[in-house]
Structure formats: structure tokens, C-alpha cells
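S.K.: I am attaching a structure below and will ask some questions about it afterwards.
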Amino acid sequence: MRILVTGGAGYVGSVTVERLLDAGHDVVVVDDLSTGHRASVAGEAAYVDLHYGDARAMTRLFVEQRIDAVLHCGAKSIVPESVADPALYYRENVVGGIALLDAMVAAGVRRLVLSSTAAVYGLPDIVPIPEDAPLRPINPYGATKAALEGAIRWYGAAYGVRSIRLRYFNVAGASERNGEAHDPESHLVPLVLAAVEGGRPVTVFGEDYPTPDGTCIRDYIHVLDLADAHLAALEATAPEDPRTGPPEGSEPVALNLGTSDGYSVRAVLAAAERVTGVAVPQRVGPRRAGDPPVLIADARLAAAVLGWRATRTDLDAIVGSAWEWRRRHPDGYRI
Ligand SMILES: NC(=O)c1ccc[n+]([C@@H]2O[C@H](COP(=O)([O-])OP(=O)(O)OC[C@H]3O[C@@H](n4cnc5c(N)ncnc54)[C@H](O)[C@@H]3O)[C@@H](O)[C@H]2O)c1
């Protein structure tokens, strides 16, 4: 397959590009480097510095490069930033996303896998969360992902775009080549490891939740497991594959990607101390608005549809891979 990956210079995108190349596919990365890193794109992939919302340029690229399928990882994805500047999130994630869909349709590219998020669910009634839980996002980030998911579903029905929307839970860990280097960073594992390296103490937001140790529980999925799921999802969008509908149409498919298990913030801190051998500098702060006590995926549908299960579920191994990557790249992607 010739696969175009938007956001392929980002954290999830770069690791997934490695996986797609390993599986023998040709990859074209489209990234504007707004949060990504040119050095994270594996050499065998073509790289194009472009905004995925430039429909005219994207249509041309799809045709010139004879693209078969799109993996849309590119997005703005920082929750507090989305609350402060919802216009940016609607412009980039929704308006840009629709332009990308239009370019696909114009160029006859009808296979799509979307990076979506557990943030589409908001505060769930049921945990582990099934895919048919109501979508009630509580921030513009989740709302813009839910909006694009809706558009993709209807583009499928009307224009035959075969798609799978993948709702990630908390992605963590690293490959040998690529790891997480966001600025600003908002994810727990890199924040904890930065604290170990002498950065700012990590803040535990609330220790009075109704959980065994009082801190929030999240479902941490290794980025390498996530990459495997993308490969399986892209394969499932083939025209003859019944999982995404009959050849002329599309069935709506949304899949949670998680481990169906969770770890508390305190458990992540303890894992980091075991892995690094260093006490994690930390402080306790108040709860953050909109942080549910427990977010865990019901990942059974992904197993049924894709034959995929997370296999790298040991927390020390997940945190350990992130730590190894940071030790090999003390300056992140700066050369
Ligand atoms: N990391 C997580 O825990 C997590 C969890 C749930 C969902 N997701 C989703 O996964 C995707 C990837 O997340 P990530 O953590 O790798 O983020 P990231 O910021 O590392 O990667 C996003 C990439 O997209 C690029 N990009 C952004 N806007 C663009 C545009 N208009 N045109 C071209 N390129 C653009 C950025 O430069 C960056 O390389 C996002 O869609 C995010 O919403 C991530």
C-alpha cells in the first residue's frame, strides 16, 4: 500500500510510520512541524512540509503519489490549549479535517484511519467504556475530534470513504527510534521522567478520588501496540474487506485502543522510581476540573474486528521504554 500519514513527524505518527515501513508499505508523511520533529521521520519515508488542510495541494499530492490510504494523525491535541483557544481547534481539527476529506474524495482516495481519542466520551457513565457510550466531550479538543468523526461517518455513507476511527486512551512509551517530546508537555509519563531528570516537580492533581490510592486511574497503552493496531486498521479498509462495508460503501467503525486495565498516578510514579532508581520530585495539587476518577477502555471490539490486543501492558516496561529513549536522546530531537 502507498499510505499518506498526516502528522507523521509527531509522537504517535512517527512510531506508526516505522511500523508501516517495517511491514513493507510505502509511506508519504505530510506534516507542518507545528508540534512535530523532522528528525523523527524515518529516512525511507517521503516527507512533505504541508498543512493537511490545503485541499488543493493535498489533492495534487494524492494523485501524484498514487496514494491508496490515509492515516490522519495530524491534529492539535492539548486540552488546556483547546479550552483557551477553541477557534484554533475548530479551524485545525474540523475545518482542516474536512478539507482533507474533500481532497481525498476529489482524488479518489477512499481509505482512511483516524487518530481519535477517549476525550470524545467526556465523563463516562460506564467504565470500562464501550464504543457505543454517548459522545459527550467536555472540552473543545474532544468536541472537535467528535465532530470530525461525525463527518467521516457521513462521508463514508455518501462518498464511499471506508474508514476506521481509533479512539486512543493514554499513549505512552517509545520505540528505539522515536519517543515523546512535546513542548509544552501535558502527558504524565514524560512529565514524571522530566522531573526525575531535574525538571519541575510533577504535580499529582488530587489524591482524594474514590480510587484505592486516591489518585486518578488511566489506561496506558504502549505506542508500539498502537502502531500495530494502525497497521491492522489500514488493512481492514481494503475495498473487498467486509469489516468496513461492501465494496461500494462503508460501515461506521469506531474502536477503542487501550488495554482494558488501568494504573493510578501513584502507580506511574512508583514505576518511574523503579525504572530510574531515583525518587520522583512531586507535589500534590487540587483536582483539575473535568478529570474523571477512572478512564479505562473496553477494548474487546478492537480484538474482535482487528484481531488486535495490546501485548506490552507491563507498566514498568512502558515507562522503561520511555526512559531508555530519553537517555539516548537527552536533547530530544535537537541535534
Ligand atoms: N498522545 C496521546 O496520548 C493521544 C491520545 C489520544 C489521541 N491522540 C491523537 O493522536 C494524534 C497524534 O498525537 P501525538 O501525541 O502524536 O501528537 P503530536 O503533536 O506529537 O503529533 C501531531 C503531528 O501533527 C502535525 N500537525 C498538526 N497540525 C498539522 C497540520 N495542519 N498539517 C500538517 N501537520 C500537522 C504536528 O506537527 C505533529 O507532528 C492526534 O490526532 C491526537 O489527537 C493522542
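S.K.: For I217, what residues show an amide H to amide H distance below 5 Å, using hydrogens built from the backbone and excluding near sequence neighbours?
M.R.: V294, L295
S.K.: If you don't mind, another one. Using 1/(1 + (r/R0)^6) with R0 = 51 angstrom and r between the beta carbons of R283 and V95, what's the FRET efficiency to the nearest 0.05?
M.R.: With R0 = 51 Å, the Cβ-Cβ based efficiency is 0.85.
S.K.: How fast does region 68-222 diffuse by Stokes-Einstein, in µm²/s, taking the Kirkwood radius from C-alpha pairs at 20 °C and 1.002 mPa s?
M.R.: 123
S.K.: Here is a follow-up. For the modelled label position 7 Å from the Cα of L33 along Cα-to-Cβ, which residues of region 41-64 have backbone nitrogen atoms closer than 12 Å?
M.R.: Counting only backbone N, you get 41, 48-50.
S.K.: Further question: About the Cα centre of the chain, how large is the charge dipole given +1 on each Lys and Arg Cβ and -1 on each Asp and Glu Cβ? Please answer in debye to the nearest 20.
M.R.: 280
S.K.: Please state the charge dipole magnitude for region 142-261, taken about the Cα centre, from unit charges on C-beta atoms (+1 on K and R, -1 on D and E), reported in debye and rounded to the nearest 20.
M.R.: For this selection, approximately 400 debye.
S.K.: For the chain, what is the relative contact order in percent, using Cα pairs closer than 8 Å and at least 6 residues apart in sequence?
M.R.: It rounds to 19 percent for the chain.
S.K.: While we're on this one: Can you list, bin by bin at 10 Å, the percent of alpha carbon pairs in region 187-308, starting at 0?
M.R.: 12, 32, 26, 17, 10, 2
S.K.: Also: Could you work out the relative contact order of region 174-295? I mean the mean sequence separation of Cα pairs under 8 Å and 6+ apart, divided by the number of residues, in percent.
M.R.: In percent, rounded to a whole number, it is 39.
S.K.: Here is a further query. Could you tally the net charge around L148, taking each other residue with its Cβ under 15 Å from the Cβ of L148, Lys/Arg +1 and Asp/Glu -1?
M.R.: So the environment of L148 carries a net charge of +3.
S.K.: With point charges of +1 on the Cβ of Lys and Arg and -1 on the Cβ of Asp and Glu, referenced to the Cα centre of region 185-335, which listed residue (S250, A238, P210) lies farthest in the positive direction of the dipole?
M.R.: P210
S.K.: Obtain the nm distance between the two label points defined at I126 and E185 by a simple spin-label model: each point lies 7 Å from its Cα along the Cα-to-C-beta direction.
M.R.: 3.7
S.K.: For region 1-77, what does the convex hull of the Cα positions come to per residue, in cubic angstrom?
M.R.: 75
S.K.: Determine the sum of side-chain charges near A232: Lys and Arg each +1, Asp and Glu each -1, restricted to other residues whose C-beta is under 12 angstrom from that of A232.
M.R.: Computed value for this residue: -1.
S.K.: Karplus couplings for region 209-222 from phi (6.51 cos²θ - 1.76 cosθ + 1.60, θ = phi - 60°), rounded to Hz, Gly and Pro as x?
M.R.: Once θ is set to phi - 60°, the couplings for region 209-222 become 7, x, 10, x, 10, x, 9, 5, 10, 10, 9, 8, 10, 5 Hz.
S.K.: Using amide H atoms built in the peptide plane, which far-off residues or other-chain residues are under 5 Å from R162 H to H?
M.R.: Counting only residues 5 or more places away or on other chains, the set is R111, L112.
S.K.: Could you sort the peptides 39-47, 294-302 by per-residue average Cβ neighbour count (10 Å cutoff), highest mean leading?
M.R.: The densest-packed peptide leads the list: 294-302, 39-47.
S.K.: Further, regarding this structure: Report, in debye and to the nearest 20, how large the dipole of region 1-61 comes out about its Cα centre when Lys and Arg carry +1 and Asp and Glu carry -1 on their Cβ.
M.R.: Rounded to the nearest 20 debye, it is 160 debye.
S.K.: Going by amide H atoms built from the backbone, whose H comes under 5 Å of the H on L257, apart from near neighbours?
M.R.: Amide H to amide H, under 5 Å and 5 or more residues apart or across chains, L257 pairs with R167, Y168, F169.
S.K.: Moving on to the next point. Restricting things to Cα coordinates, could you compute the convex hull volume per residue of the chain in Å³?
M.R.: Dividing the Cα hull volume of the chain by its residue count gives 121 Å³.
S.K.: Continuing with the same structure: Which value in nm describes the separation of the simple spin-label points at L50 and L88, placed 7 Å from the Cα toward the beta carbon?
M.R.: Output for this residue pair reads 2.5 nm.
S.K.: Could you tell me the largest-minus-smallest coordinate of the C-alpha atoms of region 71-153 on each of the three principal axes, in descending order and whole angstroms?
M.R.: 41, 29, 16
S.K.: Also: How charged is the neighbourhood of L88? Take every other residue with its Cβ under 9 Å from the Cβ of L88, and add Lys/Arg as +1 and Asp/Glu as -1.
M.R.: -1
S.K.: Taking only C-alpha pairs under 8 Å that are 6+ residues apart, what is the relative contact order of region 92-242 in percent?
M.R.: 25
S.K.: Let me ask something additional. So what are the ³J(HN,Hα) numbers for region 106-122, from phi and the Karplus equation (6.51, -1.76, 1.60; θ = phi - 60°), rounded to whole Hz, Gly and Pro as x?
M.R.: 4, 8, x, 8, 10, 10, 9, 10, 10, 7, 10, 8, 5, 5, 5, 7, x
S.K.: Quick one, can you get me the convex hull of the C-alpha atoms of region 3-142 expressed as volume per residue in Å³?
M.R.: Hull volume over Cα atoms, normalised by residue count, gives 118 Å³.
S.K.: Apply the Debye scattering formula to region 123-162, with a single equal point scatterer on each alpha-carbon and no solvent, then give log10 I(q)/I(0) at q = 0.15 Å⁻¹.
M.R.: -0.45
S.K.: Whole-Hz Karplus ³J(HN,Hα) for region 54-66, in order, using 6.51 cos²θ - 1.76 cosθ + 1.60 and θ = phi - 60°, x for Gly and Pro?
M.R.: Taking θ as phi minus 60°, the curve returns 7, 4, 5, 5, 5, 4, 4, 5, 4, 6, 4, 8, 6 Hz for region 54-66.
Just so you know, all these numbers are worked out from the coordinates, no wet-lab data involved. Fair warning: this is a prediction, and the values are worked out from it, not measured in the lab. Virtual Cβ from ideal backbone geometry, glycine too; neighbours counted across all protein chains shown.
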